[in-house]
1. Have a look at region B:13-125 and give its Rg and Dmax from the Cα atoms, expressed in angstrom.
2. Would you calculate the separation in nanometres between label points at A:E85 and A:W225, each defined as 7 Å from the Cα along the Cα-to-beta-carbon direction?
3. Which residues' amide hydrogens lie under 5 Å from the amide hydrogen of B:S184, considering only partners 5 or more residues apart or on another chain, with H built in the peptide plane?
4. Please report, in whole Å³, the volume per residue of the convex hull around the C-alpha atoms of region A:85-184.
5. Where does helix B:44-58 land angle-wise versus the long Cα axis of chain B, in degrees 0 to 90, nearest 10?
6. Over chain B, with every protein chain in place, what whole percent of the accessible area is carbon and sulfur at 1.4 Å, could you tell me?
7. What gaps in nm, shortest first, separate A:G224 from its twins in the other copies when you place the label 7 Å past Cα toward the beta carbon?
8. Over region B:124-281, what is the relative contact order in percent, taking alpha-carbon pairs closer than 8 angstrom and at least six residues apart?
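The values are calculated or read from the model by the stated rules, or taken from the named source; none is laboratory data. Keep in mind it's a predicted model, so treat the numbers as computed, not measured. Cβ atoms come from the backbone with ideal geometry, glycine included; neighbour counts cover every protein chain shown. The accessibility values were calculated without ligands, DNA or RNA, using every heavy atom of the protein model including side chains. Shrake-Rupley method; radii C 1.70, N 1.55, O 1.52, S 1.80 Å.
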Number of protein chains: 2
Amino acid sequence: MSDAPLDAPVTSEFDRDTAVRPREQGVLEAQLSPGWAIGRALNGGYLLSVLGRALRESLPHPDPFAISAHYLTASVAGPAEIRTEPVRTGRTVSTVSTASAALVQRDAEGNEIERVRALATYGDLDALTGEVRTGAKPPAMPPPEHCFSASDAPSGGVPVPEMSHRLDLRLDPETCGWALGEPSGRGEIRAWLSLADGREPDPLSLLMAVDALPPTGFDLGLTGWLPTVEMSVHVRARPAPGPLRVSLTTRNLATGFLEEDGEIWDSADRLVAQSRQLARA
Amino acid sequence: MSDAPLDAPVTSEFDRDTAVRPREQGVLEAQLSPGWAIGRALNGGYLLSVLGRALRESLPHPDPFAISAHYLTASVAGPAEIRTEPVRTGRTVSTVSTASAALVQRDAEGNEIERVRALATYGDLDALTGEVRTGAKPPAMPPPEHCFSASDAPSGGVPVPEMSHRLDLRLDPETCGWALGEPSGRGEIRAWLSLADGREPDPLSLLMAVDALPPTGFDLGLTGWLPTVEMSVHVRARPAPGPLRVSLTTRNLATGFLEEDGEIWDSADRLVAQSRQLARA
């Protein structure tokens, strides 16, 4: 827990744990929470939400249209500093702005260690107009009550990460054979996803949601941590209230790396975010 | 043409036009060539190759594993400066290194204008080992001699961009109905791709190749320039000599934006690069 007040009063674990406090121009402080750990390291999507909030504080536009993050070292719970640098601030009538952000922690000796470097282009999702001519369809999934949550996992199986207590995650039974020792080999994971405390999704929480499911590597028979090298997220629309459907797929596991492509659908059947990450197998 | 010698003797248009010359620590010069224009602006993949070469000069590892670029303003032919900043240089036994790079030009009044900002993680593709367990299959395409090149385009149709003269591009007949005024609406473009002067593909030219085809928007009935907001590329293997197959797809055209997903296959049927870009419709 933070020993100092951060943002304005917050009502959710996610808002509390991603809060940032401006310290000086271009420098913000955060208190990274152990609640979003996968093993010892903090989840990459959670870190992206912290960066996303710091960038929102630093840019004239409110919503991440595209954010690209390169993960350098594993982050741990505790204090962190986010340093933002404007790249294009949209001085004139620009509809977007771009900034760079670095998430930095200190080791036991007080040495700075950079954890994540990100580039982001922000805009205003509510200002977007134009037709929707998508060929994308939401994934076919059973309703949440016919899906599996962490509490259904067999004892002695894959350990449940701390982060899962922040989430109401319901895995499509077709994509969780790996939890019973029977990965399908297709590289697919699908789930219903809400925040456990009922906080509704927004563009910042989508940055976490794209990385919140068990890794597709599990469905390919891999085990253990699959550290992210790079992850890019496009937020395409403001999500409607209600549970999200998240679909992850991997096409190419080769020579120690795999990509993980994510799609997030909101309760109105709209494709609200797309992600791609490169991870180490 | 440059008025000064750039790199070592070069043998291809691509190598000549992406050459960079270190000027001081972290600053490199390039002469952007009008040969890679799409209309007035220079192609985003070409610019990414220039950035990729500058980053290679600045990092201890040779190959782009993951590069993410945010496009700020349209680049034009002429002098450019690339400023690189190390983020993680792999001082110890690290297998990857990360840097930031900015491509900057000057306007008629001499004011600096940043064109592209990129983040990249480099490694050594030849050092990668491990199994290939991919579910991805190369796209089914007719042989190049049964595909269409720019010289087959009907007169009065979509204008042929200057860049197409640098390429030997053969479009799958199934994905070029738009050239006859009959877009399929599927958002798919596939082609065989080589450099026109016979230079074989390498990781740097893949950064250009992911953005070298006509945009998928044409197959969705859009016309005109579709400026890139963000593009990320993962290079997964060093390409074998011979023509590449490039497959682009768009799933979601909505409220003025579309994503374009690219896959590049080499002559050995290996998936050598994956890309995703967010573009304005």
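1. In Å, with Rg to one decimal and Dmax whole: 13.8, 47.
2. About 2.8 nm, to one decimal.
3. B:G177, B:W178
4. Details: hull volume 22.2 nm³, N = 100.
Output value, Cα hull per residue: 222 Å³.
5. The angle comes out near 20 degrees.
6. Values: 5940 of 11350 Å².
With neighbouring chains kept in place, the figure for chain B is 52 percent.
7. Label point to label point, same position, other copies: 5.3 nm.
8. Numbers: 316 pairs, mean separation 33.8, N = 158.
Taking the mean separation of contacting Cα pairs over the length of region B:124-281, I get 21 percent.
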